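Got a structure here, written out as structure tokens. Questions coming.
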Amino acid sequence: MKNLLLLLFAAVLLVPGCGEKEKPAPPPPAVTVVKVASGSVVSSMEMIGQAKAYDEVDLVARVQGFLRKISFKEGTVVSKGQPLFEIEQEQYKAQVQAAEAALMKVQATYGNAETTYARQKKLLESDATAKKNYDDANAAFMEAKAAVMQAEAALSNAKLDLSYTSISAPFDGRIGFYTYSEGNLVGPGSKRLANVVKIEPMRVQFNINEIDLVNLQLDKIKDKAAPKESYVVLIQFQDGRIYNQEGNISFADNKVNSSTGTILVEALFPNPDQVVVPGMYVKVILKDKDEKPALLIPKSSVQESQSGRFVLVVGADGKVGQRVIKTGTKNGPSIQVLEGLKEGEMVIVEGLQKVRLGTVVKPTVDETYTFNKLEAKPGN
């Protein structure tokens, strides 16, 4: 009786389970993908440079005297030949007059000595005078001639000193602050009176490593029939703005610095509005003129491990796979792929944390993603 009851109880327990169905499998996780696209990159290099004046001169006093006049406003543009400083001229004008008088005196002596010499020479030829008289006349003539030359040199020096009392701009440029105000005594031992810089065009100096220099030189001579620059030179200010004038490489030093492996290079930039100022630090950008084809993917799809960079891809069967890749240029949200992917393959950009290798996923292609032209920079 007891066994019969146990069997009936077991049957009651088993009957409800016979009608249950299996639970449906969970849907595949949704992920967002972007297709590997064919695009282009523009190679560029960036270095820190410093602006230098095209020309620079310290204005100094070459004669001593009181500073009589200052004829400019500090920090303004000056023109070549424009008077800037005037040192008192009275004493130097007097020296010129004295030198002129001295010259007139010795010229008179010279004329008399020349006449006497000519007479004694003629008499000597006819044996009508002693040889000593001729020698004395010749010596007096030569001495008078030397005195004239000496007086002429003294007059030239006096005029030169007088010219030094007026100091003019050596070229078109911008003048800085003056060191001495009017009324101060200045001279050859004084500090500079002011500084003038020529800032149109403007020089920008920077250092480039020897490998990049070789690449630039090779690019320049690719077309031997008509060699030309294969890159443009730009500068960027510290606030991020790009200067609206392009430059040209004007000079490279004659040797590489052995301690740094770099070489000093200089570029010239038009500076019509005088935006670039000497001493200013800027970022120099050497950008290739030609675009180069490249495969591009979103930078957000790239992951890193001890073995290198990789991406997760969705295959034609909907399964997740892994690809080890080699990357190149990166700029903004995109990055160049050098090895490991083909155009059109789908890389996962969203939902990476929800998937594992080999699992089936439901990919949605992000059609709104756009690849901008990449600016290639070394070291990326």
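The values are calculated or read from the model by the stated rules, or taken from the named source; none is laboratory data. What you are looking at is a predicted structure, and each value in this text was computed from that prediction instead of being measured. Every residue, glycine as well, gets a Cβ built from its backbone with ideal geometry; the counts of neighbours run over all protein chains shown.
Kindly evaluate residue 94 against the criterion of being small (Gly, Ala, Ser), in contact (Cβ under 8 Å) with a residue 24 or more places away in the chain and surrounded by 12 or more Cβ atoms within 10 Å (Cβ to Cβ).
So residue 94 does not fit the description; no.
Checking residue 49 against (1) within 29 Å of residue 280 (Cβ to Cβ); (2) touching a residue at least 60 places away in the same chain (Cβ under 8 Å); (3) in a loop (DSSP other than H, G, I, E, B), only one condition comes out false. Which one?
(3)
So, of the residues in the stretch 222-243 that are surrounded by 10 or more Cβ atoms within 10 Å (Cβ to Cβ) and among the polar types (S, T, N, Q), which turns out to be modelled with the lowest pLDDT?
230
While we're looking at this one, here's another question. Within the stretch 47-62, can one find any residue that is under 30 Å from residue 297 (Cα atoms) and surrounded by 15 or more Cβ atoms within 10 Å (Cβ to Cβ)?
yes
Quick one: would you say residue 219 is under 27 Å from residue 200 (Cβ atoms), modelled with pLDDT under 90 and out of contact with any Asp or Glu (no Cβ under 7 Å at 6 or more places or on another chain)?
Spelling it out, it is not the case that residue 219 is under 27 Å from residue 200 (Cβ atoms), modelled with pLDDT under 90 and out of contact with any Asp or Glu (no Cβ under 7 Å at 6 or more places or on another chain).
For the stretch 40-62, enumerate the residues that are over 30 Å from residue 211 (Cβ atoms) and of a type in the set (Asp, Glu).
Result: 55, 56, 58.
Residue-wise test of (1) touching a residue at least 40 places away in the same chain (Cβ under 8 Å); (2) in a loop (DSSP other than H, G, I, E, B); (3) more than 54 Å from the chain's Cα centre (by Cα).
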site: 63; (1), (2), (3): yes, yes, no
site: 67; (1), (2), (3): yes, no, no
site: 75; (1), (2), (3): yes, yes, no
site: 81; (1), (2), (3): yes, yes, no
site: 127; (1), (2), (3): no, yes, yes
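Quick one: is residue 279 under 18 Å from the mean Cα position of the chain (by Cα), surrounded by fewer than 19 Cβ atoms within 10 Å (Cβ to Cβ) and on the phi > 0 side of the Ramachandran plot?
Values: under 18 Å from the mean Cα position of the chain (by Cα): yes; surrounded by fewer than 19 Cβ atoms within 10 Å (Cβ to Cβ): yes; on the phi > 0 side of the Ramachandran plot: yes.
Taking the combined requirement at face value, the residue satisfies it.
A follow-up question, please. With the stretch 223-301 as the region, which strands (runs of 3 or more DSSP E) entirely inside it contain at least 3 residues that are within 17 Å of residue 212 (Cβ to Cβ)?
Working: elements: 231-236, 248-252, 262-269, 281-288, 292-298.
The qualifying strands (runs of 3 or more DSSP E) are 231-236, 248-252, 262-269, 281-288.
Residues are listed down the side, and each one gets a yes or a no for (1) exposed (fewer than 12 other Cβ atoms within 10 Å of the Cβ); (2) at pLDDT below 90:
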| residue | (1), (2) |
| --- | --- |
| 314 | no, no |
| 324 | no, no |
| 337 | no, no |
| 357 | yes, no |
| 361 | no, no |
| 365 | no, no |
| 373 | no, yes |
| 379 | yes, yes |
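Report yes if residue 343 is under 19 Å from residue 35 (Cβ atoms), modelled with pLDDT of 90 or more and within 39 Å of the chain's Cα centre (by Cα), otherwise no.
Yes, satisfied.
Let me ask you something else. Is there any pair linking a residue in the stretch 135-147 that is assigned by TED's automatic domain parsing to the domain that holds residue 109 to one that is at pLDDT below 95 and among the charged types (D, E, K, R), with Cβ under 6 Å and at least six apart or on different chains, and which?
Every condition considered, the pairs that remain are 141/114.
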